[in-house]
Amino acid sequence: MSDDTATLKLGSESYEFPVFKGTQGPDVVDIRKLYGQTGNFTFDPGFTSTASCESALTFIDGDEGILLHRGYNIEQLSEQSSFMEVSYLLLNGELPSKAELEDFSYTISRHTMLHEQLATFYKGFRRDAHPMAIMCGVVGALSAFYHDSTDIADPEHRKISSHRLIAKMPTIAAMAYKYSIGQPFLYPDNDLSYTGNFLRMTFGVPAETYEVNPVIERAMDRIFILHADHEQNASTSTVRLAGSSGANPFACIAAGIACLWGPAHGGANEAALNMLREIGTPDRIPHYIERAKDKNDPFRLMGFGHRVYKNYDPRATVMRKTVREIMAELKVTDPVFEVALQLEEMALNDPYFIEKKLFPNVDFYSGIILSAIGFPTEMFTVLFALSRTVGWVAQWNEMISDPGQKIGRPRQLYTGPAPRDYIPLSQR
Ligand code: SDX
C-alpha cells in the first residue's frame with residue numbers, strides 16, 4: 001500500500017482518495033468512499049479501468065506481453081513445469097517439493113471418479129448437445145452430490161471441493177465427448193498422469209489397451225498450463241461475483257463455465273478454427289481482413305485482440321511453437337496452419353491492426369493443435385474450462401479467504417423514464 005492520495009474536484013469541492021501500490025502494475029485509487037462522500041458513482045461499463053479486487057495469483061502486463069503465476073513467467077512454467085505443479089502453485093502460492101507434488105497429485109487422483117448416478121445425467125441430453133451445455137449442467141449438478149463439502153466457511157470443505165472440481169473436470173469432459181460419439185464411458189486410470197488419464201478417457205475404448213503418446217501428453221499438459229489462470233477475466237470475475245453471495249463452489253464454477261462459453265471469451269478457440277477453415281486458402285485472407293476492418297460488418301478475426309494484451313499474448317507464442325512440434329510428431333500437416341501463419345503475418349502488417357494493437361491471443365493457434373490431436377471443435381472450449389477450473393478455484397478461495405470480502409453489488413447510471421403515475425387500461 002502507500003500514503004499517496006488522488007484528488008477529485010467535483011464542482012467547488014475537492015475530495016482526497018488513497019492511492020495503493022501493488023507489487024507490479026498500475027497503482028489503484030481507492031474509491032470505496034466516493035459515493036458516501038460525493039453522492040456520485042464511477043462509470044466504467046466493461047470494467048476497462050476498474051480493479052475489482054486485490055489478488056496475489058496472476059499478473060499480466062499487457063504492453064510488455066508478460067504473464068506471471070505467483071511470480072513465475074508462463075514461458076518457464078510451460079517449458080519446465082507440469083499442470084499438476086502449476087495447479088499446486090496457484091492454490092498454495094509456492095512451487096511444491098517433490099513430496100508435496102506427489103502428495104497433491106495422489107490426492108487429486110483419488111477424486112477423479114464421478115458419483116455413478118451422475119453418469120445418468122448425460123443420458124438426458126441429446127447426443128448432439130454442445131458439450132459446453134453438458135458441462136454447465138453436470139458441474140452445476142455436482143452440488144447435489146457433494147453436500148459434505150459445501151460449507152464455504154470451513155477451510156477443509158473449501159479444500160476438498162477444490163480438489164474434487166480439479167480432479168473431476170477431465171472425467172466430466174471426457175464423458176461429454178464419449179456421449180457425443182456414442183461410445184462407452186471409461187473410468188479413470190489413476191496409474192496415469194492427470195493429463196494421460198484424460199487422454200485415455202477421451203480417446204481410449206474398453207476393447208483395447210490405450211497407449212498414451214508422451215509427445216501428445218506433453219503438448220496437452222502444456223496447453224492446460226497456458227489456460228490455467230488469467231487474472232480477472234470475464235469468467236473468473238463471474239466466479240468471484242457468484243462466490244461473493246456465498247454460493248457453493250460447484251455452482252460458482254458452473255457460472256464460470258457458462259461465461260467462458262461466449263465467442264468473445266473462451267468460445268473464441270472454436271470460433272477461430274471455424275474461421276480459419278472458412279477462409280480455407282491464403283488467397284482468401286485479404287477479403288476476411290477487409291471484413292474485420294469494416295465497421296458495418298460484425299465479423300471479427302477470432303483469436304485476435306485482447307482487453308489487456310496490447311502486445312503479443314505470450315501464450316500464443318508458446319502455442320504456435322507447440323503446433324510445429326505436434327505436426328512434426330504426428331507427421332500431419334493442416335492447410336489451416338499455413339492460413340493461420342499467413343493471416344497473422346498480413347494482419348500484423350496492416351495499419352488497422354497495428355493502430356488498434358490487435359495481436360493473436362491464446363485462442364488463435366490452440367484449435368489447430370487440438371484438432372491435430374483429434375478433438376472436434378465443439379470440445380475446444382470444454383478443454384479451456386477443464387484447465388481454467390484450477391484458476392477459478394484458486395481465485396474463489398482467495399476471495400472467500402479475504403476477511404474484507406463482501407457481496408459484489410455494482411450500481412448504474414439510470415437513464416430510464418422519470419417517475420410517472422399509472423394510467424388505467426381504460427384510458428390507454
Ligand atoms: C480470451 O480477459 C482475458 O484474459 C480472456 C482470456 C483468458 O485467458 O481468460 O485471455 C481468453 O477470452 C481471449 C480473447 C478471445 N476472444 C477473441 O479472440 C474474439 C475476437 N476478439 C475480440 O472480440 C476482442 O478483441 C476482445 C473481446 C478479445 C477484446 O475486446 P475489447 O477489449 O472490448 O476491445 P474492443 O472490442 O473495444 O476492440 C477495440 C477495437 C474496436 O474497434 P473500435 O470500436 O475502437 O473502432 O478493436 C477492434 C474493435 O472493433 N477489434 C477487432 C478485434 N478485436 C477488437 N477488430 C477486428 N478483429 C478483432 N478480433
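Selection of segment 353-365 for residues being in contact (Cβ under 8 Å) with a residue 12 or more places away in the chain, part of a helix (DSSP H, G or I) and near the ligand (Cβ under 10 Å from one of its atoms) yields Phe353, Val362, Asp363, Phe364.
What number of residues within segment 374-426 are part of a loop (DSSP other than H, G, I, E, B) and in contact with a Ser or Thr (Cβ under 6 Å, 6 or more places away or on another chain)? Here the count works out to 2. As for segment 377-395, it holds no residue that is over 24 Å from the mean Cα position of the chain (by Cα), more than 12 Å from the ligand (Cβ to nearest atom) and surrounded by fewer than 20 Cβ atoms within 10 Å (Cβ to Cβ).
When Arg291, Arg284 are checked against the criterion of being surrounded by fewer than 18 Cβ atoms within 10 Å (Cβ to Cβ), modelled with pLDDT of 95 or more, within 10 Å of the ligand (Cβ to nearest atom) and among the basic types (Lys, Arg), Arg291 stands alone in meeting it. Evaluate the following for Arg218: is it under 28 Å from Gly65 (Cβ atoms), surrounded by fewer than 19 Cβ atoms within 10 Å (Cβ to Cβ) and among the basic types (Lys, Arg)? Considered against the rule, which asks whether it is under 28 Å from Gly65 (Cβ atoms), surrounded by fewer than 19 Cβ atoms within 10 Å (Cβ to Cβ) and among the basic types (Lys, Arg), Arg218 comes out as yes.
From the list Arg315, Arg300, Arg324, the lone residue that is part of a helix (DSSP H, G or I), in contact with a helix residue (DSSP H, G or I) (Cβ under 9 Å, 6 or more places away or on another chain) and free of Cβ contacts under 8 Å to residues at least 60 places away in the same chain is Arg324.
Selection within segment 40-54: residues that are within 13 Å of the ligand (Cβ to nearest atom) and closer than 15 Å to Asp27 by Cα. The member of this set that is surrounded by the most Cβ atoms within 10 Å (Cβ to Cβ) is Ser52.
Summed over segment 232-265, the residues that are under 24 Å from Ala56 (Cβ atoms) and either within 13 Å of the ligand (Cβ to nearest atom) or part of a helix (DSSP H, G or I) (or both) give a count of 21.
The residues listed here are Asn233, Asn269; of these, the one that is closer than 16 Å to Phe304 by Cβ, surrounded by 22 or more Cβ atoms within 10 Å (Cβ to Cβ) and of a type in the set (S, T, N, Q) is Asn269. Regarding segment 331-342, can at least one residue be identified that is near the ligand (Cβ under 10 Å from one of its atoms) and closer than 20 Å to Glu270 by Cβ? No, the conditions are met nowhere in segment 331-342.
The values are calculated or read from the model by the stated rules, or taken from the named source; none is laboratory data. Note that this is a predicted model, so its numbers are computed, not measured. When we count neighbours, we look across all protein chains shown, and the Cβ atoms used for this are built from the backbone with ideal geometry, even at glycine.
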